[in-house]
Amino acid sequence: MKIICENIREKLAVFINDRIDPKKDNALIEHLDQCPECNKYYHELKTDDQVLSDFANSMQPILARIETNINKELETKKIRTVSIQKNKILKIAVAAVILIGVTITLNQFGIILDGTSAAWAKVSQIILETKTITFNVVIGKGPSVFCTASEKKLKQELPSGVEAIFDYDKSKILVLNPNDKTAMNIELSGLPIMPSNLFVNFKSTIEILKEYPDTIVKQLGKKDINNKETAGIHIYLDESIDIKIWYDAKDNIPVLVIAEKMIGETNVVFSDFNFDVIVDESVFNLDIPENYTEIESVKMDLKNLTEQDLIEGFRTWVSLMENRFPEKLDLAIIKEYSKVIEQTLNEKGMSDIEKSLIVIKIMRALIFIDQLKVKWYYFGDNVKFGDANTAIFWYQPKMSKTYRVLYGDLHIANVNPEHLPKRP
Amino acid sequence: MERCNNKKLIFLKGNLDRNTYTELMREHSARIFAICFSMLSNREDAEDITQQAFLKGFSDIKQLRDISKFGAWITQIAKHMCLDLLRRRKLNKIALKQIAVDDVKDDPTCDDKKYSRLQSALMQLNEEYRLPLMLYYFDGKSTKKIAESLEITVDLAHTHLSRARKKLRQLLSTKRGV
């Protein structure tokens, strides 16, 4: 090929790339008229360009579909994800909701303890009799949170300055961030069991433990904590409850409480107690202070859960458990599998919030089932996700002649009683 | 410029709404899809990862301080997801080229069948050539844009495009011959 042809072809490619009409270049046109080879090359370039353009255009419906799908996701559940993700303080609120969820879980357990030990009797009495309390709490590897609690209210103050006020009667949470003067309201509704704060929950656990005959109480000896001579007792019942209480040897007032695996696999440590302190009610005021801006208001309704929540919960579960369904359906399963769930989510590189939202999804499904007022059947154990022929769950809605049957691929169908699947 | 400033303002307030994000998505989705398609050699996966990348982008938007960096930022998210998928594919020992050529499914929304030969040839190009070509055709047909996206000179973008077309033509005529 002549050098001139080489130059012309380079130029033609640039013209095509930059969408310039070669007619604007007289020398170019002149050459194309005289050189059939270059003319052919030019037409090939144009054809290639057209084919590739057509190919890219053929993908337009896909791009439109991507956009529609994303918008759909954002409109529905994801929007909450986003709201939550975009504010750090919401993280705490979500954690709080998780805790509330966990209190529900804990309530599912048959609980523990006895009062044979004199020390235990005195210590538990102090815990049970207090109406108001301040203490520090550390959940897992989290920060130390200063708490002020009454029977139905709780205020948490984090080292960052962020405060969260929980009013359990009103089912409301107010989160205040003094660093940027922002406030956020969270409203919870439809919880199957009215939640209480972590300390009240602990208190009720102690109450039941005290009356339970099989509780094991062991002395742990003595040690100095913050220059105080303390004695320890270890109270436990099988694997579900395991609490160590270190108390002042002189007056039996608890100094340090370590509740092993109180939330899933996570330990909760309470310390720096002040019992029966005078608490001004304004501490729990849910009004947004004047100089604060409200940035978010979230409603979490657990009352109107639907089959869709059930399906989503199952879908989430199988995605975490190698396409296997849970062997049983009750709230305790989250606690039982919390380690596996957490490990899997960690492997996926999820943030704490993402993890929390995943757990909430599973919880919503379990709460949906918990709230069903009719008998239900579950045979999902050993069924693999995707099995469209095997029914895993069914129930007969009130006033309905047919059953709602959910299959292993998570499609749901109305089935007449005579055609119900045989139980395995 | 005015629009960008407004966006930035919305951003700084931490009140990014869905409409603003949709606008950003429209601006960048074709490019992200082109990148994913180019990296994954598979249209369906590219579609999936593009979606996931934008959803993750929305979730993590707070991490982005400067709206003018959205393009680069979302690209990084998408590339990271593609690499992750490629790693998983490698683990599953799936031959990538095989997916590209064989995975032509009936999808009423696209002309996969019509373009299956072209797709197959595209996937045989070196990524060095494939990516500029796809960026060019999917994202506004501008060499300047490609150069910016790939952080190369405009001249080099021209060269890559020309070589990509040439190689593609060779591949298609060889196939035709067979």
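The values are calculated or read from the model by the stated rules, or taken from the named source; none is laboratory data. Predicted, not measured: the structure shown is a model, and the values here were computed from it. Here the Cβ is made from the backbone with ideal geometry for all residues, glycine too, and neighbour counts use every protein chain on show. To get the accessible areas, we keep the full protein, side chains included, count just its heavy atoms, and leave off ligands, DNA and RNA. Shrake-Rupley method; radii C 1.70, N 1.55, O 1.52, S 1.80 Å.
Miscellaneous remarks
- Restricting A:N323, A:N346, A:N304 to residues that are surrounded by fewer than 21 Cβ atoms within 10 Å (Cβ to Cβ) and at pLDDT 80 or above narrows the list to A:N323.
- Matching residues in segment A:41-57 - criterion: being closer than 15 Å to B:S29 by Cα and surrounded by 13 or more Cβ atoms within 10 Å (Cβ to Cβ): A:A56
- Number of the exception - B:F70 against (1) within 19 Å of B:L125 (Cβ to Cβ); (2) in contact with a His (Cβ under 8 Å, 6 or more places away or on another chain): (1)
- Residue list for segment A:127-145, restricted to those being touching a strand residue (DSSP E or B) at 6+ places or on another chain (Cβ under 6 Å), open to solvent by 30 Å² or more (accessible area, probe 1.4 Å) and more than 10 Å from A:F270 (Cα to Cα): A:G140
Table: residues versus (1) at pLDDT 70 or above; (2) within 12 Å of chain A (Cβ to nearest Cβ).
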position	(1), (2)
B:N19	yes, yes
B:T22	yes, yes
B:C36	yes, yes
B:Q52	yes, yes
B:F70	yes, no
B:M81	yes, yes
B:I99	no, no
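- If you filter segment A:198-241 down to residues that are modelled with pLDDT of 80 or more and of a type in the set (D, E), you find that the one that is surrounded by the fewest Cβ atoms within 10 Å (Cβ to Cβ) is A:D224.
- Exactly one residue among A:F314, A:F273 is open to solvent by less than 80 Å² (accessible area, probe 1.4 Å), modelled with pLDDT of 75 or more and in a helix (DSSP H, G or I), and that residue is A:F314.
- Selection within segment A:61-88 - open to solvent by 50 Å² or more (accessible area, probe 1.4 Å) and modelled with pLDDT of 85 or more: A:P61, A:A64, A:R65, A:T68
- For segment A:9-40, a residue qualifies if it is closer than 27 Å to B:L135 by Cβ, assigned to a helix (DSSP H, G or I) and either open to solvent by 60 Å² or more (accessible area, probe 1.4 Å) or charged (D, E, K, R) (or both), and the qualifying residues are A:R9, A:E10, A:K11, A:K24.
- Within segment B:121-173, considering residues that are open to solvent by less than 10 Å² (accessible area, probe 1.4 Å) and of a type in the set (V, I, T), the one nearest to the other protein chains (Cβ to nearest Cβ): B:T143
- Selected residue [without any contact (Cβ under 8 Å) to a residue 12 or more places away in the chain and closer than 30 Å to B:Q51 by Cα] from A:D33, A:D48: A:D48
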